[in-house]
Every structure is written in C-alpha cells, then in structure tokens.
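In what follows, a single structure is set out as structure tokens and then discussed.
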Amino acid sequence: MDDTPGSVVGLLRWPNDRTALRVWLGGTVMLGAAAVLSMALAFAAKMPCRSGAWNSYTGQFQHFCYTDVYPLYWGEGLAAGKVPYTGHPVEYPVITGYVMQAATWLASKGDGKGFFDVTVLLLSLCGIVGIAATAYAAGPRWRWTAWLVALSPALILAAFINWDLIAMALGMVGLAFWARRRVEIAGLCLGLAVAAKFYPLVIFLPLLLLCIRTGQLRAFARALTAAAIAWLAVNVPIMILAFSGWSWFYRFSKDRGADWGSVWYFFEHKNVPLLGDSQLPLLNLMSAAFLLLACVGIAWLALAAPRRPRLAQLCYLVLAAFLIMNKVWSPQYVVWLVPLAVLARPRWGMYLVWQAAELGYYFGIWSYLLFVYQGQGGVFAGYQGISTGPYFALLLFRLLAVLALSVFIIRDVLMPDGDVVRAAGDDDPGGGIFDNSPDRFRLSQRASAAYPGVSQITDAPAA
C-alpha cells in the first residue's frame, strides 16, 4: 500500500519535520481536500444572500455576501430566455457568456437561486482545478504553497462574486503546462483564459521577456500561435453571429469611467489636479500611459537583473501594475492575483499583510455602498456602513499592500540569494523551458557588478 506523505494511508502518519510536513501538505489528497474546503467556505459566505438577503439592496451589503451572479441572471436577460450576445449584449468575454448560458440550461427557467447554485458548482470545479494547477505550477518541492491559495480568506470571500474563477483556472492550468514544458498546450489554455476574462493577456509579456533573455523566441511564437488559435476558435462564431453583442465587452471597457476600488476613483473624488480629471479620453490615456511605463520598467528588470527573474515573479508584477493602473479594481480581482502572489513569493509575512488589506477592502466596499445609498436618500435599519474617509483609507491600504509586496518581489529579483525558492537550491521550478536555462541576452553587466555575490546562470555576454 502507498504510505507516502499525502496519500490515503500517509494521511494517518503525522510528519515529523518541516520538510516532511511540506511534502505531506503537497500530496494530492491533502491538496484536494484543501481545495474542496476552500470552495465550501466560499459557498457558506454567500448563504445569507442565498437565504434571501440578495432581494434587499441593503441586506446583501449588510451581510457582506453580495454576488453579481444572481442579479445578472435577470439583468442579462437569461431569465427571459435571451441567449448571451445573440439575444442580449454581455459585458464579459465569450467563455464567461458560454458558462452563463450553460448554467441557464441546467437550472429551471426563472429560477434565480437554481441558476446561482449551478453557477457555484461550475465555479467550484474551476476553483479546485485552479488550486491544483497552482500546485503543479509551483514545482514538486513547492506544491504545498497551493494551501496559501486554498485558504486565502480574500479568495474565499471573493470566489463567487463573479465568474473570475474560470479565467483563474484556465490561466493557472496554462502556467502548469508551461512548467511541464508543454508549450503549445500552455498557449491553448492561456488563449482560452483570455477568452474568459481579459487579464491573462498580461502573462504573455513575462513569457516574451524571458524567452528573449534565454534565446527561446520560437517557443514563445508557438505558445502565442496556439493561444491565438484557441481565442479565435471560441470568439469567431459569436463575432459572425452577433458582432454587436460580442463587441459590447470591449466598448463597455473603453467607455467605463473611474470606478470603485481604483486609484483613479480616489483622485477623481479628491479633485486631484490632472490625475482627478474625469474626462474619459484623458482618463483612458493616463491609465494606458502609466501601465505602459510600468511595463517598460518590468521589461528592464527582466532583461537587466543580475540573474534571470522567475516567471511567477514577473507575472505578479505585470498583473499588479495592471490592477493598480486600471480604471476599476473590483474586490473579486483578488482571485486573479492570489495564485501568482503565492508562486512569486511563498512566504507568510507580507502575504498575510496583503490578505488583511484585501479583507479590509472587501468589507469596506460593501459598507461604503450603504453610506452612498444613504446619501441618495435611502433609509434602512441596521448597520449603516462607513463614510468616505474610512473607505478611501481601506482603498489606499490595499493599494499600498500590493505595492509593498511588489517591492519585496523586486528585491528578490535584484538579490536572488534572498529569494526563498532560490535559496533552497531551485532555479525556476515553475519556469518550464526557463528553468536552469543560460542567458542568451542581457541588457547590462552593471546590475551584476552591483551584487557580486549573486549566483548566475549564463554562457553569453550581456548586450
């Protein structure tokens, strides 16, 4: 019988040292249990709304259980039998629309609670797959870190706000296949992830940069081609059948102003000169320009660092920049960031600070919406929420926590001997073709000179 840590028999044997504990936690059975527990807790967090609180505008916020799934069943015309894109424009990419329609077919017509339950079941499967994929993307010695994803309180609370777990699962499966050096399959999964939510597109920048540094651009071309084929395969039919409904997501994103959670919303509310200008063309320009500047900085870091950064480190940095510069930063976006944060820096300290900040914002946004409703003349009993000052304090706390975690990751890149993964003797266990690959291109030797103790893998001079 199999008595290895994490197996069914091995579960009966408590590990007697830290290394054995990590292997035990990283076993398939233990990770599966953690993932199922995570989704069960996420469902429990929505029970007050499922019991009726979502039928009260203030009740869903007072119970901190808000979800888009239930109201959009009615708002997107699904209850009336309208098909996404062809019968009603939908503000999400097509795979999300497909899942919405599938849940509609599986639930009884006009049954909003049934639609929610079916959606939660489908999203739970995605969440379990995403957590498992994070473990495989981490590498054999680091699979236990997926527990940090499964038991992330911020992810648990945000899991069923929207359909973000679909893209998270597809994106992490893509990274897991990349870690296994299955480049084309990784590209297919990432292309499907972009067709579910747009954010996984940012992962291609780290892949490109590290392929440049290691001289493996053909691999990047194969992954990008596979991604394009997958994206086109699921998008083109809808583009042909209902281009207006299909393109609504892109038009909606372009025409959307500064919204909840974003630093632009803070600037606008505080009337900060220039940065708080609410004119949409200027806002779009500033958001895109600052994101571009951040990406240029990340590109320099990737190509000039004394040792090639790990793939997860760059993925986190690019996604963090995207969120910080975006016009809206919804509470469910933490679902995107948690797996990458864990892979980029599997350490407790700053991770817990960031989780606390995300929790603060999660409770803060629903409390603030109660205050906004009061300002619009709403009268209700019970918890009255928080005013503008505390809300913006929580908004900035989350922003600073993401920035602080980014700074720690940048420090690990510049001084890789302090990176817990590399200190353990690994190079890039989730990097796939990048793992233990020599440098073929590097921008400058100056960074190496600044850190003479840094170990490097290189067989080519810097450019």
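Within the group ALA80, ALA53, which residue is surrounded by fewer than 16 Cβ atoms within 10 Å (Cβ to Cβ), farther than 30 Å from ALA138 by Cβ and not polar (S, T, N, Q)?
It is ALA80.
Just give me the residues in segment 84-113 being crowded, with 20+ Cβ neighbours inside 10 Å, among the hydrophobic types (A, V, I, L, M, F, W, C) and over 22 Å from PHE198 (Cα atoms), in sequence order.
ALA107
Pick from SER244, SER253: which is in contact (Cβ under 8 Å) with a residue 24 or more places away in the chain, assigned to a helix (DSSP H, G or I), surrounded by fewer than 18 Cβ atoms within 10 Å (Cβ to Cβ) and under 21 Å from the mean Cα position of the chain (by Cα)?
Sole residue among the options that is in contact (Cβ under 8 Å) with a residue 24 or more places away in the chain, assigned to a helix (DSSP H, G or I), surrounded by fewer than 18 Cβ atoms within 10 Å (Cβ to Cβ) and under 21 Å from the mean Cα position of the chain (by Cα): SER253.
Yes/no per residue for (1) hydroxyl-bearing (Ser, Thr, Tyr); (2) more than 18 Å from the chain's Cα centre (by Cα); (3) assigned to a loop (DSSP other than H, G, I, E, B); (4) closer than 20 Å to ALA154 by Cα:
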| residue | (1), (2), (3), (4) |
| --- | --- |
| PRO346 | no, no, yes, yes |
| TRP354 | no, no, no, yes |
| TYR361 | yes, no, no, yes |
| GLY364 | no, yes, no, yes |
| PHE371 | no, yes, no, no |
| TYR383 | yes, yes, yes, no |
| GLY389 | no, yes, no, no |
| LEU396 | no, yes, no, yes |
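Are any residues in segment 292-319 free of Cβ contacts under 8 Å to residues at least 40 places away in the same chain and either surrounded by fewer than 18 Cβ atoms within 10 Å (Cβ to Cβ) or farther than 30 Å from ASP427 by Cα (or both), and if so, which ones?
Within segment 292-319, LEU292, LEU293, VAL296, GLY297 meet the criteria.
With respect to PHE290, determine if the residue is among the aromatic types (Phe, Trp, Tyr), touching a Phe, Trp or Tyr at 6+ places or on another chain (Cβ under 8 Å) and modelled with pLDDT of 95 or more.
When the stated conditions are applied, PHE290 does not pass them.
For segment 105-115, indicate whether the set of residues that are over 30 Å from VAL29 (Cβ atoms), in contact with a Ser or Thr (Cβ under 8 Å, 6 or more places away or on another chain), free of Cβ contacts under 8 Å to residues at least 12 places away in the same chain and not aliphatic (A, V, I, L, M) is non-empty.
Yes.
Within segment 212-236, restricting attention to residues that are under 19 Å from ALA304 (Cβ atoms) and touching a residue at least 24 places away in the same chain (Cβ under 8 Å), which residue is farthest from the chain's Cα centre (by Cα)?
Among those that are under 19 Å from ALA304 (Cβ atoms) and touching a residue at least 24 places away in the same chain (Cβ under 8 Å), it is GLY215.
Taking the options VAL90, VAL149, VAL173, name whichever one is under 24 Å from ALA242 (Cα atoms), in contact (Cβ under 8 Å) with a residue 24 or more places away in the chain and among the β-branched types (Val, Ile, Thr).
From the options VAL90, VAL149, VAL173, the qualifying one is VAL90.
The values are calculated or read from the model by the stated rules, or taken from the named source; none is laboratory data. Quick caveat: nothing in here was measured; it's all calculated off a predicted structure. When we count neighbours, we look across all protein chains shown, and the Cβ atoms used for this are built from the backbone with ideal geometry, even at glycine.
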